[in-house]
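The values are calculated or read from the model by the stated rules, or taken from the named source; none is laboratory data. No experiment lies behind these values; they were computed from the predicted model shown. Here the Cβ positions follow ideal geometry from the backbone for every residue, glycine too, while neighbour counts run over all protein chains shown.
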């Protein structure tokens, strides 16, 4: 029986849906880890191979949990699932989901810094780019340069007071090109759709020339496709989007995890290399902490280094089935003096010590696993947790209640014979 099939058998009937969701995400991590491993070996990329090992180890059943009777800040109960370890890589499905959840909180905080003036409203703008004949790294470079040019345009500065950028990509149906687009949620004056299209298309053309790639607009109007929507408390019709949905769009953390499963081995390793240390989302204007300086959500490497060096920043990776908005704030980016686990692994692999690296990785993950189980028990005191390996543990209150129940049962078994003797 396969690991995934064995894990499926451990799912409790009462929480089958959330257990299946955890199982599906574990399966995605297993597939991505195996495919990245094959690509890394073929390309002799030690760092990518270390990442693949971390993703594969994170996707083992003993690291994946699901639970019931968890609660949010309002005391509402829900079912959830997550990972006790993750690879600190954007290719890791659990890490991607957790980082997106944290980014949503950061986006909300950033937008709250803006003090809109009369006539300014919260809007979501979508910027797309035509497909080009280039690899992933070059495609992202063209898009990033165009976005930087747009921010420098006087029209953009005059129209947008402050907000957040978030990029996303998908793979084309033929599997030979990428669709890149960007969501912007910002406080702004009235945005003229035609003007936005003209300005953005000019930036794309300039970036294409700079990066020496050919770009052709195949739309009827000869411009890039753009979209503008008014952000409201609740979606009211065409041309609008709810605030929650807008924040989810901008904080998707580069791409959906399922996209990585669609990539070829060669594409997978190129994407892994390109996304190392790449920003999740970026603020601009008054949404910055300090005016004139761009603030970004911490990169993968920064978060990974903090997780490995500071016990206080360790938190169980959680995904849920209800509307949790990412109450856990993302650690601030800090300069790291110590190496990340992936870098250590890459060095060991490059010197022919992969077996020793895997042994060390499993030991570290086992230590983290027990620590994070305790943290979950404290954070959700009334919950019941189940691992896909069949393990079960409880929140601290639930544990105390079970202990008292066991003590009462033991006391009853002891007292009953004594009372029989005394009353005889």
Just a yes or no: is a residue in segment 155-174 surrounded by 17 or more Cβ atoms within 10 Å (Cβ to Cβ) and part of a loop (DSSP other than H, G, I, E, B)?
no
Can you tell me which residue within segment 220-237, out of those that are in a loop (DSSP other than H, G, I, E, B) and in contact with a helix residue (DSSP H, G or I) (Cβ under 9 Å, 6 or more places away or on another chain), is surrounded by the most Cβ atoms within 10 Å (Cβ to Cβ)?
224
Filter segment 262-283 for residues that are closer than 16 Å to residue 165 by Cα and either in the same structural domain as residue 35 (by TED's automatic domain parsing) or at pLDDT below 80 (or both) and give the result.
278, 279, 280
Looking only at segment 314-373, which residues are under 17 Å from residue 89 (Cα atoms), at pLDDT 60 or above and assigned to a loop (DSSP other than H, G, I, E, B)?
339, 340
Do we have residue 187 as touching a residue at least 12 places away in the same chain (Cβ under 8 Å), surrounded by 15 or more Cβ atoms within 10 Å (Cβ to Cβ), over 15 Å from residue 281 (Cβ atoms) and touching a helix residue (DSSP H, G or I) at 6+ places or on another chain (Cβ under 8 Å) here?
yes
Which numbered condition in (1) loosely packed, with under 14 Cβ neighbours inside 10 Å; (2) touching a strand residue (DSSP E or B) at 6+ places or on another chain (Cβ under 9 Å) is the only one that residue 195 fails?
(2)
